[in-house]
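Below is one structure; the comments refer to it alone.
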Amino acid sequence: MANTDVVSNNSIPSTMTDMMADCLNGLKVVDLTRNLPGPFATRLLADLGAEIVKIEPENGDPGRAFGELFKALNHGKHCEKVDFRSEAGIEAIKAHIKDADVMLDSFRPEVLVGMGLDAATLHAINPKLVMVSITGYGIPEALDATGKSWAAKAGHDINFMAMSGTLYQLKTETGNQAMPNMQFADLAGGSDTAVIALLAAVFAAKNTGRGRHIAVSMTHSLYHHLVMPKATADMMKNINGQRPEPQNDFLGGWLPCYRLYKTQDGRHMAVGHKMVAIWQSAH
């Protein structure tokens, strides 16, 4: 090991997690992820009491360059640095795997195999291990012929948002494309989905004694978050005979009781009210 430290952030405000800070006591998570989606997922687990061993390359998680953001994403974790290209570094990771419940990574699909950290190898060490890989587009064996070519591609949040169709839903009142400054694919499609998946798999492993390897596709996960605009567009088509553009959708500005109104001081007022009467009148 090059070094070990614990990231602390005493500025984190009290939240609901304070009442749940012991829920995952005893859960050991080996975190190989970097940047945002994986670290935020394991930060959520740490807030709930899990033991997080964050293993970084010798030059560190690139997120360290962002200072306070890195602390916010990684507080409460035990951080170690190893050489991922050396046999000693891989053996150090495997030593943690022996008594871990979960391992997270955010590499492209072929990287774990190349390092000797594939599911077959790690389950031989620890049959109960739950492995969760956060990917951009999924793994080749789970995709059709068209999707396979995307599996090994690198990408960022905005790419996954675009491919999922979510970015198209973010339109201004005039129909122009809005540019989000929140990472919906990274956080909702990646972090939150990974946490749900791994907790379900850990529960199953405790009952069956068998772990599994789960691949989370941020693109596909975010696509499934479009349940509301897909359903409301169908309802609007039944009313008007055509599918609306996002800015004219049920919740995109069509309902006067659920929309933004610009005020005289140049700001906006958000109005959200019961829509039953409006919906009935539309019929």
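The values are calculated or read from the model by the stated rules, or taken from the named source; none is laboratory data. Quantities reported herein were computed from a predicted structural model and do not represent experimental measurements. Because the Cβ atoms are built from the backbone with ideal geometry, glycine has one as well, and the counts that use them run over all protein chains shown. Just so you know, the surface numbers come from the protein's heavy atoms only, side chains and all, with ligands and any DNA or RNA stripped out. Shrake-Rupley method; radii C 1.70, N 1.55, O 1.52, S 1.80 Å.
What to note about this one:
- Solvent exposure, largest accessible area first (probe 1.4 Å, DNA, RNA and ligands not counted), of HIS224, HIS78: HIS224, HIS78
- Carbon + sulfur, % of accessible area of the chain - ligands and nucleic acids excluded, 1.4 Å: 56 percent
- Amide H contacts of VAL216 (H built 1.01 Å from N, in plane; Pro and chain starts excluded): SER133, ILE134, THR135 sit under 5 Å, all sequence-distant by 5 or more or on other chains.
- Debye log10 I(q)/I(0) at q = 0.08, 0.13 Å⁻¹ for the chain, Cα point scatterers: -0.43, -0.96
- Normalised per residue, the accessible area of region 115-165 is 46 Å², obtained with a 1.4 Å probe and no contribution from ligands, DNA or RNA.
- For ASP18, the accessible surface of its heavy atoms amounts to roughly 90 Å² (probe 1.4 Å, protein chains only, rounded to the nearest 10).
- Bridging of LYS262 to lysines at a Cα separation below 18 Å is possible for LYS171, once same-chain residues fewer than 8 apart are set aside.
- Over region 153-207, relative contact order from alpha-carbon pairs under 8 Å, at least 6 apart, %: 28 percent
- With the whole protein complex present, PHE184 retains an accessible surface near 80 Å², based on a 1.4 Å probe.
- Helical runs assigned H by DSSP (4 residues or longer) give the chain a calculated mean residue ellipticity at 222 nm of -10000 deg cm²/dmol, each run adding -39500 (n - 2.57) before division by the residue total.
- Greater than 22 Å apart at Cα, pairs in LYS77/LYS98; LYS71/LYS206; LYS98/LYS206: LYS71/LYS206
- Mean separation of Cα contacts under 8 Å, 6 or more apart, over the residue count of the chain: relative contact order %: 16 percent
- 16 Å Cα-Cα reach of LYS54 towards aspartates and glutamates, excluding residues that sit fewer than 8 places from it in its own chain: ASP5, ASP31, GLU80, ASP83, GLU91, ASP99, ASP101, ASP105
- Full-stretch length increase - ALA231, ASN207 - with 0.36 nm per residue and alpha-carbon distance subtracted: 5.0 nm
- Area of MET269 that stays accessible when all protein chains are in place (1.4 Å probe, Å², to 10): 100 Å²
- Lysines with Cα under 26 Å of LYS148, excluding same-chain neighbours fewer than 8 positions away: LYS230
- For region 48-63, 3J(HN,Hα) per residue [Karplus equation, 6.51 cos²θ - 1.76 cosθ + 1.60, θ = phi - 60°, Hz, x = Gly/Pro]: 9, x, 6, 8, 10, 9, 8, 10, 10, x, 4, 8, x, 4, x, x
- Charge context of LEU222, other residues only, Cβ under 15 angstrom, K/R +1, D/E -1: -2
- Percentage, to the nearest whole number, of Cα pairs in region 83-222 over 22 Å apart: 46 percent
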